[in-house]
Each structure stands twice: as C-alpha cells, then as structure tokens.
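Comments concern the structure below.
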Amino acid sequence: MGMSPIPELQQRQIDRWCERRVPAGQRGEYTVMSRWRGRIVTLVERRADRAGDGPAERPFAQLRYGLDEMWSLYYLADAGRWRPYPRSVPEISPVPLLDDLDRGAETGYFFQWLSPC
C-alpha cells in the first residue's frame, strides 16, 4: 500500500468525526465509516443486519482533497451523481466541512438513517 496523498492528521480527523457521529446508545444499530480511494473519502452509513437481510450501507457524502490541497464537500444527488454541496466552500482542512456536514443534516442533503446530532 502506497502513501496516501492525504495528510495523516487529516485522515485521523475524519475518522474521529465518523466515530463521534453515532450516539453511544445507537452504536449497535448504526455506524458511520470512511472509505478512502486516492484523494476521495466517501462517508458511509452502515445499518446493522435487520431480519436476516444483511447489513445495509448508504454513502452520504464525499470529501475530496484537491491537487491544490484544498478540501471540498459533495453530496449524493439524484441518479447517484456526486455534486458539490452548495452551502460550503473549499477549505484547507476537512474539519470545517465536517461541521458543514453536521449542520447540513437538517437540510436533507446527507443523512437518511441517523438522526441529526
């Protein structure tokens, strides 16, 4: 496995956000995880197995780390296309975008299964 183009500190910030996103009482039902591919981090809600159907997963956001070392936030639009989240601007750190994501929970852009924090 080669070196990720994303700084390790920023990877940890994203993973910590995922861990904190699910209230302690719901951790058996839901998890939020990050999937890394190059400069794109896809955030995924994973719901526990219900009635033997197996776990269900739904991607809900992407953080993209540009060649300019700026982060951008995307949401999954209709037809499965990723689109820039209109209420955020590129940032040098993923943290402000994760805050935007938390605030965006009420807009219906992101979370489906999890209740907003």
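The values are calculated or read from the model by the stated rules, or taken from the named source; none is laboratory data. All values derive from a computational prediction rather than experimental measurement. Cβ atoms come from the backbone with ideal geometry, glycine included; neighbour counts cover every protein chain shown. We work out accessible area using only protein heavy atoms, side chains counted, and drop any ligands, DNA or RNA first. Shrake-Rupley method; radii C 1.70, N 1.55, O 1.52, S 1.80 Å.
Here are the numbers for this structure:
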read-out: Any hit, segment 63-85, residues being acidic (Asp, Glu) and open to solvent by less than 60 Å² (accessible area, probe 1.4 Å); value: no
read-out: Subset of segment 24-39 (residues that are open to solvent by 40 Å² or more (accessible area, probe 1.4 Å), within 23 Å of residue 4 (Cα to Cα) and out of contact with any Phe, Trp or Tyr (no Cβ under 7 Å at 6 or more places or on another chain)); value: 33, 35, 36, 37, 38
read-out: Odd one out for residue 45, checked against (1) touching a residue at least 24 places away in the same chain (Cβ under 8 Å); (2) part of a strand (DSSP E or B); (3) surrounded by fewer than 17 Cβ atoms within 10 Å (Cβ to Cβ); value: (3)
read-out: Single residue of segment 86-97 satisfying the filter (hydrophobic (A, V, I, L, M, F, W, C) and open to solvent by 40 Å² or more (accessible area, probe 1.4 Å)) that is nearest to residue 42 (Cα to Cα); value: 95
read-out: Selection from segment 58-114 of residues that are at positive phi, part of a loop (DSSP other than H, G, I, E, B) and modelled with pLDDT under 90; value: 108
read-out: Count of segment 1-19 residues which are farther than 15 Å from residue 61 by Cβ and either in a helix (DSSP H, G or I) or without any contact (Cβ under 8 Å) to a residue 12 or more places away in the chain (or both); value: 11
read-out: Within segment 74-87, tally of residues that are over 14 Å from the mean Cα position of the chain (by Cα) and of a type outside the set (Lys, Arg); value: 5
read-out: The listed residue being over 16 Å from residue 69 (Cα atoms), open to solvent by less than 90 Å² (accessible area, probe 1.4 Å) and among the acidic types (Asp, Glu), out of 57, 19; value: 57
read-out: Among (1) open to solvent by 60 Å² or more (accessible area, probe 1.4 Å); (2) at pLDDT below 90, the one test that residue 4 misses; value: (1)
read-out: Sole residue being part of a loop (DSSP other than H, G, I, E, B) and more than 16 Å from residue 110 (Cα to Cα), chosen from 25, 52; value: 52
